[in-house]
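What follows is one structure encoded as structure tokens, with my remarks underneath.
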Amino acid sequence: MRTRKFESETKPSLVPPIVAGLVSLVLPGFGHMLARAFGKGLTLFLSIVAMTGLWIWRVRLEARREVDFLAMFQKSIQLRPILLIILILIVLIYLWIAYDAYKTADKRKKPKSGFLWLLVFISFFLLGWQIGEIQPATLITEGKNSFPLLSRVLWPWEKAIYRPEEYLTGYAEVVIPCTEGVELEPVVVEEGDPVVTITPTCGNLSEIDGDPGTTLTMTGSGFLPNTETEIWWIDQVQNKFRHRAAGDYVKVTTDENGSFSLDVVIPYRVIPATNEEGYVVWRLQGSQLASVGEPVPSEELLLAIEKMIETIFLGMMSTIFGIILSVPISFLAARNLMSANKITLAIYFVVRFVLNIIRSIEPLVWAVIAIIAVGLGPFAGIIALTIHGIAALGKLYSEAIESIDSGPLEAINATGANWLQLVWYGVIPQIIPPFVSFTIYRWDINVRMSTVIGMVGGGGIGYLLVQWIRLLDYRSAGIAIWFIAITVAILDYVSAEIRARFV
Amino acid sequence: MLEIRHLTKIYDDGTVALRDVSFSVPDGEFLVVIGLSGSGKSTLLRCINRLIDPTEGEILWDGEDLAKLKGDDLRKVRRHIGMIFQQFNLVKRSSVLTNVMAGRLGYTSTWRSISGQFSQKDQQMARDALERLGLTDQTDKRADELSGGQQQRVGIARALMQEPKMILADEPVASLDPVLAHSILQHLERLNKEDKMTIICSLHYLDLVQRYSTSVIGLKDGRVVYQGSSADVRNITDAQFKSIYGEEAERMGGIVGELTTEEKGAA
């Protein structure tokens, strides 16, 4: 800005205004350069080149199948009208640049370029909108479909409890086909179990594409009231199948007394008796699913608790390793301790440089590297967080050392104390509060990060969370999310408390 | 008897802080060093107990050249030279007692001091020092909970723990209001008169200099430009004053109490 002003006031344009304008029509921005507004010309040139390039890219992307560019253009405009608006803006900017170059070269008139820059900004904004595939409408149209899923995530606790269930059954026996002299032994019913009776107690099978079999009347009592009951056929060697009528499983719902009555046609499916026996005994069973005993924590809940504990300790261990390794490094990275001579100063710069590089690489990337090195599991996560923690804590610690007050050190030196006494009485009391504060802050970060690290396989609850999300088990995922949120909130509070106490 | 001979200090960046400074201080003096900021007062005081290493010259104290001391010998001499500072230089987060005990470090083995096992005698000494400075109630407070005047008294108590023969005071009252300034200087005066300690103190205000000093030296640009007794300072001339504080300086209050030209204009 400063140089442009300077140039426009003192140095005349190299070319007449009309030439600057024409040059800009050929090469946008070059007219400004000739008019001694080099920076502005270059910026405009790069802007319009970038815009046009991005626009062409998006047009080709939207109409990939078309070969001819014109067809491509028509197709893409049809699909995304916003591309047409952007094109109009680009043309407008192109013309405006030429006009602006003309004005810039004309010494008497100062061009007002504010609107041109606004157009440039709007074009980039619209390009960004298109590239980002921003569609706010989907938030409303698609978003409402997610409510059932989201509600499972928000309130997942049904899944946290498991009620053990058992089948409540009662049966009676049928002889097929009816055979003279076969006496069925009475079914032993224990106290409290359901009772089933069948009349008649014998009958014939249905025939395929033929006569229906004998119709039995099955009555049950002592079942759970108002509960769906399944009907099963079971033979003497415990082969079983569910009774069907017209292809569907038969279900009967008990009345308020726990009783039901049902007509059952003996299906053809029931295995006929061999010749030697002449008959076969089948059981007809009514069966209800009933919860028994006290509700217990579900497997998912226990797993989430286990992994949450793993996560907290993952964070703790990486913090401890981070402290142990970063404390000595922080002394090497403290300028006030290392500026004594050129060698130590060189060490200082090298250490700082390495710490900066390590810190600029995300823990997630370190986790992927660690997983390659030591395999999946919490150890990889600990390595990743430790490496990143060393760099982060090293910087914070060294800054704490750099900012200690040298006055007390001078005073303690003046009493005739030796070096160790100086460190113990002068340095340590000053660096403990920031060290404690940074350490707890780091623990906080590490626990939070370890949930993310888990997603790539570095152990902890994150791994579980990703698994459950991929299995579309949103209730279990919800439990994991709740645990993470609760833990982070507690940790946040505790760390704030401890820091307030120490600083 | 402290004798400074041809003391010169040139910092690494080339700043000359002291140029060929020579003077002597008999035992039991209350020597006040005056001069502008940057005239070398702090450097001079810090050269005496070697917080700053002088470039050239001798610092003879009872015949021993402090400028040549190193390591343990230096620490043993430092034990006998207490020092108090403009910013008090207490460890803010440590208790008053810990700060005071720090004065005893030179007499205590490393292990005992780190584990905090000071002898009964030292602990009694600390109680006495705190009582003498009226800090008994503040013993267990953190140093930064105290007011400025109290903090400076802790600084004096710390110096007292060294059983010093000499106390260096680097602008001890520059951060305090006038009432507290007198209180602190009265403590120093008592140490000077009752305990026969040599005091070397840098001060800004001439009225304080006249009130407390037994002798005065003036520094300007690292050179001694004025030497006199307490009586001489009372009768300091304008020429002498300007030689210390520069041609631009005008004396305010103090003895002459003339208005500056600007103030005349404003009035």
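The values are calculated or read from the model by the stated rules, or taken from the named source; none is laboratory data. Here the structure is a predicted model, which means the values were calculated and not measured. Don't worry about glycine lacking a Cβ; one is built from the backbone with ideal geometry, like all the others, and counts go over all protein chains shown. For the accessible areas, the whole protein counts, side chains as well, though only heavy atoms, and no ligand, DNA or RNA atoms are used. Shrake-Rupley method; radii C 1.70, N 1.55, O 1.52, S 1.80 Å.
Key figures for this structure:
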{"read-out": "Listed pairs A:LYS75/A:LYS112; B:LYS165/B:LYS242; B:LYS9/B:LYS165; B:LYS68/B:LYS242 exceeding 32 Å between Cα atoms", "value": "A:LYS75/A:LYS112; B:LYS165/B:LYS242; B:LYS68/B:LYS242"}
{"read-out": "Model label zone, A:LYS342; criterion: amide N under 16 Å from point 7 Å along Cα-to-beta-carbon; scope the range B:10-30", "value": "none"}
{"read-out": "Whole-number accessible area per residue in Å² for chain A, which is evaluated in the context of all protein chains at 1.4 Å", "value": "57 Å²"}
{"read-out": "Reachable aspartates and glutamates, given that their alpha-carbon falls under 15 Å from the alpha-carbon of A:LYS107 and they are not under 8 places away in the same chain", "value": "A:GLU7, A:GLU9"}
{"read-out": "Accessible area (Å², 1.4 Å probe, nearest 10) - A:ILE88", "value": "100 Å²"}
{"read-out": "Chain B - share of DSSP beta bridges that are antiparallel (%, nearest 5)", "value": "55 percent"}
{"read-out": "Solvent exposure ordering (accessible area, 1.4 Å, most first) of A:CYS178, A:CYS202, B:CYS47", "value": "A:CYS178, A:CYS202, B:CYS47"}
{"read-out": "Within straight-line cross-link reach of A:LYS342, aspartates and glutamates at Cα separation under 15 Å, skipping those fewer than 8 residues along the same chain", "value": "B:ASP12"}
{"read-out": "With at most 11 other Cβ atoms within 10 Å, longest stretch of chain B clear of loop trypsin sites (Lys or Arg not before Pro) (DSSP)", "value": "B:71-195"}
{"read-out": "Stokes-Einstein D in µm²/s, Kirkwood radius over Cα pairs - the range A:165-291 at 20 °C with 1.002 mPa s viscosity", "value": "143 µm²/s"}
{"read-out": "The range A:303-391 - Rg over Rh from alpha carbon coordinates, Kirkwood radius", "value": "1.11"}
{"read-out": "Residues with amide H under 5 Å from that of B:VAL224, placed H, sequence gap 5 or more", "value": "B:SER22"}
{"read-out": "Dmax and Rg, reported as Rg then Dmax, of the range A:299-502 (C-alpha, Å)", "value": "20.1, 70"}
{"read-out": "Counting all C-alpha pairs of the range A:398-499, share separated by more than 24 Å (%)", "value": "49 percent"}
{"read-out": "Within the protein assembly as shown, percent of DSSP bridges classed antiparallel, to nearest 5", "value": "75 percent"}
{"read-out": "Estimated distance in nm for a label pair at A:ILE486 and A:GLU362, the labels positioned 7 Å out from Cα along Cα-to-Cβ", "value": "2.9 nm"}
{"read-out": "Long-range HN-HN contacts of B:GLN86 with modeled amide H, under 5 Å", "value": "B:ASP170"}
{"read-out": "Set of the range A:377-415 residues, backbone N closer than 20 Å to the point 7 Å along the Cα-Cβ line of A:PHE502", "value": "A:385-405"}
{"read-out": "Tail weight of P(r) past 18 Å, computed on alpha-carbon pairs of the range B:92-163, percent", "value": "31 percent"}
{"read-out": "Convex hull (Cα only) mean projected area of the range A:2-134, reported in nm² to one decimal", "value": "8.4 nm²"}
{"read-out": "Linear extension gain, A:TYR167 paired with A:ARG65, 0.36 nm per residue minus alpha-carbon span", "value": "30.7 nm"}
{"read-out": "Accessible area of chain A belonging to carbon and sulfur atoms, whole % at 1.4 Å probe", "value": "64 percent"}
{"read-out": "Residue-wise HN-Hα coupling along the range B:156-170, computed from phi with Karplus coefficients 6.51, -1.76, 1.60 (Hz; x: Gly, Pro)", "value": "5, 4, 4, 5, 4, 4, 6, 6, x, 8, 9, 10, 9, 10, 8"}
{"read-out": "Whole-number percent relative contact order across the range B:184-250, with pairs defined as alpha carbons under 8 Å at least 6 apart", "value": "21 percent"}
{"read-out": "Whole-number percent relative contact order across the range A:138-288, with pairs defined as alpha carbons under 8 Å at least 6 apart", "value": "30 percent"}
{"read-out": "Three semi-axes of the equivalent ellipsoid, the protein assembly as shown, Cα gyration tensor, whole Å, largest first", "value": "89, 49, 22"}
{"read-out": "Karplus 3J(HN,Hα) series, Hz, for the range A:200-215 with 6.51 cos²θ - 1.76 cosθ + 1.60 (x for Gly, Pro)", "value": "x, 9, 8, x, 10, 6, 6, 10, 5, 6, x, 5, x, x, 5, 8"}
{"read-out": "Sequence of A:TRP57, A:TRP233 from largest to smallest accessible area, 1.4 Å probe", "value": "A:TRP57, A:TRP233"}
{"read-out": "For peptides A:421-427, A:137-143, sequence by mean Cβ density within 10 Å, most packed first", "value": "A:421-427, A:137-143"}
{"read-out": "1.4 Å probe accessible area per residue over the range B:103-221, in Å²", "value": "42 Å²"}
{"read-out": "In nm, spacing of pseudo-spin labels at A:ARG242 and B:THR110 (7 Å Cα→C-beta vector)", "value": "8.3 nm"}
{"read-out": "Residues losing 40 Å² or more accessible surface upon assembly, the range B:82-123, compared with the chain by itself, 1.4 Å", "value": "B:ASN89, B:VAL91, B:ARG93, B:LEU105, B:THR110, B:ILE114"}
{"read-out": "³J(HN,Hα), Karplus 6.51/-1.76/1.60, whole Hz, each residue of the range B:186-196, x for Gly, Pro", "value": "5, 4, 5, 4, 5, 4, 5, 7, 7, 9, 6"}
{"read-out": "Protein heavy-atom accessible area occluded, A/B pair - total, 1.4 Å probe, Å²", "value": "2100 Å²"}
{"read-out": "Relative contact order, percent, the range A:2-134 [alpha-carbon distance under 8 Å, six or more residues apart]", "value": "31 percent"}
{"read-out": "Given chain A, longest segment not containing exposed loop trypsin sites (Lys or Arg not before Pro) (DSSP; at most 15 other Cβ within 10 Å)", "value": "A:270-503"}
{"read-out": "Size of chain B as Cα extents on the principal axes (Å, biggest first)", "value": "63, 43, 36"}
